[in-house]
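S.K.: Below is a structure I'd like to ask you about.
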Amino acid sequence: MATIPMEHGLIVAGILFTLGLIGVLARRNIIFVLMSIEVMLNAAGLAFVVAGSRWGQPDGQVMFLFILAMAAAEVSVGLALVLQIYHHFKTLDTDAASRMRG
Amino acid sequence: MNVVFYLSAAIAVIATILVVTRVNAMHALLYLIVSLLAVAIIFYTLGAPFIAALEVIVYAGAIMVLFIFAIMLLNLGPHSEEQERIWMRATGWAGPVILAALLLAEIIYIIIGRSPTIGSAQPIQPAAVGAALYGPYLIGVELASILLLAALVGAYHLGHIRRALREASVEAAALRARTLESRPTGEQEPLGQPK
C-alpha cells in the first residue's frame with residue numbers, strides 16, 4: 001500500500017475538522033450545523049485510522065466503528081429534533097430555539 | 001498510491017469547503033457525499049479496506065439518506081435559499097474563520113514539529129479488526145448497542161409526539177371548521193324560515 005507520512009494524514013484530518021468547526025460556528029441553519037458535525041466526526045475517525053495504520057494496529061479502526069455508531073445515533077435523534085423545531089417554530093434558525101422551556 | 005491519497009485528500013477538502021458555503025441544503029448534502037467518498041478512498045490507501053467499505057455503506061449510504069429524508073420532509077421551498085443568503089451575508093463569518101484557521105495552523109505546526117517518523121501502511125485485514133472488536137473492545141460493542149437502542153427510542157419518541165401534535169391540530173381545525181359551519185347555518189335557518 002501507499003507509504004504516506006503520518007503527518008500528512010493527520011493534517012488532512014485537521015483541515016477537515018477545522019472546516020466542520022467553521023461550519024458549526026458560522027452557519028445559522030440547523031441542518032448545516034448537523035452536517036458540519038458529521039464532517040467533524042468523520043475527521044476525528046480519519047485521525048484514528050491514520051494513527052492505527054501508523055502502528056499497524058486494528059485499534060484505530062475499532063475506534064472508527066464506535067464513532068460511526070455514535071454518529072448514526074446522533075444524527076437520528078438530531079434530525080428528529082430538527083423536525084420538531086421546524087414544526088414548532090416554522091424556521092430552521094438556531095436562534096429561534098434559544099430559550100429552554102418545558 | 002501516494003498520488004491517489006493526495007488527490008482524494010484535495011477532493012475531500014474542496015468538497016467540504018463547498019458543503020460549508022452552499023445555500024441550498026440538497027447541494028451541500030451531495031457535496032458532503034462526495035467528501036465522504038473521497039475520505040473512503042483515503043481509508044483504502046491507508047490500508048483500511050474494511051473501514052473504507054463501512055464509510056461508503058453507513059456514512060454515504062445510510063446517514064446521508066436520513067439527511068435527504070429530513071430535508072424532503074421539511075419541504076423548504078425556494079424562499080429558504082434567499083433566507084440562507086441573507087444569513088450568509090451577515091458578518092458573523094470572519095471571527096470563526098480566523099480563530100479556526102489559527103487553531104489549524106497550530107495543529108499543523110505541532111504535527112510537523114513533533115513526529116518525524118514515517119508510517120509504512122500495511123493493510124490491516126478485517127479479521128484483525130473483528131478479533132479486536134469482539135475481544136478487548138467487547139464492552140464497547142455492548143455500550144454502542146445500548147446507545148443505538150437509546151437513539152432508536154429517542155427518535156421514535158420525538159417523531160411520535162410530533163404526529164400526535166399534528167393529529168391534535170387537525171382535530172382542532174376540524175372542530176373549528178365544524179363550529180364555523182354550524183354557526184352560519186344556524187343563523188341562516190331563522191332567516192330562511194320567514195321566507
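S.K.: Using the crude model of +1 on Lys and Arg Cβ and -1 on Asp and Glu Cβ, and no other charge, please compute the dipole size for the protein assembly as shown relative to its Cα centre, in debye to 20.
M.R.: 520 debye
S.K.: Given the convex hull of the Cα atoms of region B:28-98, what is a quarter of its surface area in nm²?
M.R.: So the mean shadow area of the Cα hull is 6.5 nm².
S.K.: May I have the convex hull volume per residue, in Å³, for the Cα set of chain A?
M.R.: Dividing the Cα hull volume of chain A by its residues yields 107 Å³.
S.K.: B plus A alone minus the pair: what accessible area, both sides summed, probe 1.4 Å, in Å² to 100?
M.R.: Using a 1.4 Å probe on protein heavy atoms, the buried area is about 6900 Å².
S.K.: For region A:27-102, run through the trypsin sites (Lys or Arg not before Pro) and keep only the ones in DSSP coil with at most 10 other Cβ atoms within 10 Å of their Cβ.
M.R.: Within region A:27-102, the qualifying trypsin sites (Lys or Arg not before Pro) (loop, at most 10 other Cβ atoms within 10 Å) are A:LYS90, A:ARG99, A:ARG101.
S.K.: I've got another one for you. Go ahead and set up a Gaussian network model of chain A, Cα springs under 10 Å, then flag whichever of A:VAL50, A:VAL39, A:VAL62 fluctuates most.
M.R.: In the Gaussian network model the winner is A:VAL62.
S.K.: Here is a further query. So between B:SER145 and B:THR179, what do we pick up on full extension, going 0.36 nm a residue minus the alpha carbon distance?
M.R.: Additional length available on full extension: 7.2 nm.
S.K.: Compute the accessible area per residue over chain A, keeping the other protein chains in place, probe 1.4 Å, unit Å².
M.R.: Ligands and nucleic acids excluded, the figure is 39 Å² per residue.
S.K.: Hey, got the average number of other protein chain Cβ atoms within 10 angstrom for residues in A:27-38?
M.R.: 6
S.K.: Enter the per residue convex hull volume of the protein assembly as shown, computed from alpha-carbon coordinates, in Å³ rounded to the nearest integer.
M.R.: Taking the convex hull of the Cα positions in the protein assembly as shown, it is 166 Å³ per residue.
S.K.: Taking the Cα atoms of region B:1-134, report the difference between the largest and smallest coordinate on each principal axis, in whole Å and largest first.
M.R.: So the extents along the principal axes, rounded to whole Å, are 51, 36, 29.
S.K.: In cubic angstrom, how much convex hull volume per residue do the alpha carbon atoms of region B:1-54 span?
M.R.: Taking the convex hull of the Cα positions in region B:1-54, it is 56 Å³ per residue.
The values are calculated or read from the model by the stated rules, or taken from the named source; none is laboratory data. Bear in mind the structure is a predicted one, so any value in this text is a computation, not a measurement. Glycine also receives a Cβ, built like all others from the backbone with ideal geometry; neighbour counts cover every protein chain displayed. What goes into the accessible areas is simple: the full protein's heavy atoms, side chains included, and nothing from ligands, DNA or RNA. Shrake-Rupley method; radii C 1.70, N 1.55, O 1.52, S 1.80 Å.
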